[in-house]
Amino acid sequence: MRTFAIQPERLVAFDVHVHLEAPVERSAADHAARQYFGESGAPRDPAAVAEYYRSRRMAFVVFSVDERLTGRTQLSNDEVADFAAAHADVAIAFASINPHRGAEGVREARRLVESGRVRGLKLHPPVQEFVPSDRLAYPLYEVFAEARLPVLFHTGHSGIGTGMPGGGGIRLKYGNPLPIDDVAVDFPAMPIIMAHPSFPWQDEAISICLHKPMVYIDFSGWSPKYFPPTLVQYANTLLKHKVLFGSDYPLITPDRWLSDFEKAAFRDEVRPLILKENALRLFGRADA
């Protein structure tokens, strides 16, 4: 397992879901997302993002999303990896590669993994327009499974496209987490993170996470005050070692998320597991 420069003992939390975006974004999809989530006021300039987390003693996983559906400005995987390398005390990079890129995308994934520039893969089936169990994506999974690196899937409703005509062309069916169960069967040693409370398929996500040892859930994209009671119940009990703090920065900030987390019905002994300890184990720092 590759090491990284983050010092666990200094951390308050580990945010596993941060988007690195263009400092100025003016697409229609971004405007709709701001209306849906509200204006977070979060800085988007890369240096400011790093300082935001550093000042709060938080580490974070950072990525862009490789897609062409929404028209949102994207950063390349190498730009994200360069950012994480420049801020290695707080950041680790995930690649994002649209499975529709085929062999060329697989070559990029292998280059990034073998060079140690990324520590996982971020996929967003609704905007990349694929079902996770489609064999189209399996060559990508093979690269990350071989390296024992996690693959993070968007699941559930998409705030991107909400309220736009036709939902901005985004088909919500691709956010159903159930096909991820097939991926977990076919790649049993590959860590899988299902991002977000998987509305309206939360029970399916809980079932997969409960049944498959290498599947986790991150809590990004929603304020904890809106979490369904069943999710909180399982996070407090059977899934307490398999749930992860994530914000969905910049659309939701850690400040807002943590403020609402303090008021949510999580057990005191479970809170540190969610905030950082589960993530540190997942990323190979079980000694922390």
Which residue is least open to solvent (accessible area, probe 1.4 Å), if the candidates are limited to the stretch 267-288 and must be part of a loop (DSSP other than H, G, I, E, B) and touching a helix residue (DSSP H, G or I) at 6+ places or on another chain (Cβ under 6 Å)? VAL270
Restricting attention to the stretch 83-106, which residues are small (Gly, Ala, Ser) and either surrounded by fewer than 17 Cβ atoms within 10 Å (Cβ to Cβ) or outside any loop (DSSP other than H, G, I, E, B) (or both)? ALA84, ALA85, ALA86, ALA88, ALA91, ALA93, ALA95, GLY102, ALA103, GLY105
Report, by residue number, each residue of the stretch 249-266 that is among the charged types (D, E, K, R) and either in contact with an Asp or Glu (Cβ under 9 Å, 6 or more places away or on another chain) or surrounded by fewer than 17 Cβ atoms within 10 Å (Cβ to Cβ) (or both). ASP255, ASP260, GLU262, LYS263
Can you tell me which residue among PHE219, PHE199, PHE144 is over 23 Å from ARG271 (Cα atoms) and aromatic (Phe, Trp, Tyr)? PHE144
Scan the stretch 143-158 and give yes if some residue there is among the polar types (S, T, N, Q), within 15 Å of ILE217 (Cβ to Cβ) and either crowded, with 23+ Cβ neighbours inside 10 Å or without any contact (Cβ under 8 Å) to a residue 24 or more places away in the chain (or both), otherwise no. yes
Restricting to the stretch 59-73, what's the tally of residues that are touching a residue at least 40 places away in the same chain (Cβ under 8 Å) and surrounded by fewer than 23 Cβ atoms within 10 Å (Cβ to Cβ)? 6
For GLY169: the one exception among (1) closer than 25 Å to GLY246 by Cα; (2) out of contact with any helix residue (DSSP H, G or I) (no Cβ under 8 Å at 6 or more places or on another chain): (1)
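The values are calculated or read from the model by the stated rules, or taken from the named source; none is laboratory data. This one's a predicted model, so the numbers in the text were calculated from it and none came from an experiment. Ideal geometry is used to build each Cβ from the backbone, glycine not excepted, and the neighbour counts take in all protein chains shown. Each accessible area value is taken on the protein alone, full model and side chains, heavy atoms only, with ligands, DNA and RNA left out. Shrake-Rupley method; radii C 1.70, N 1.55, O 1.52, S 1.80 Å.
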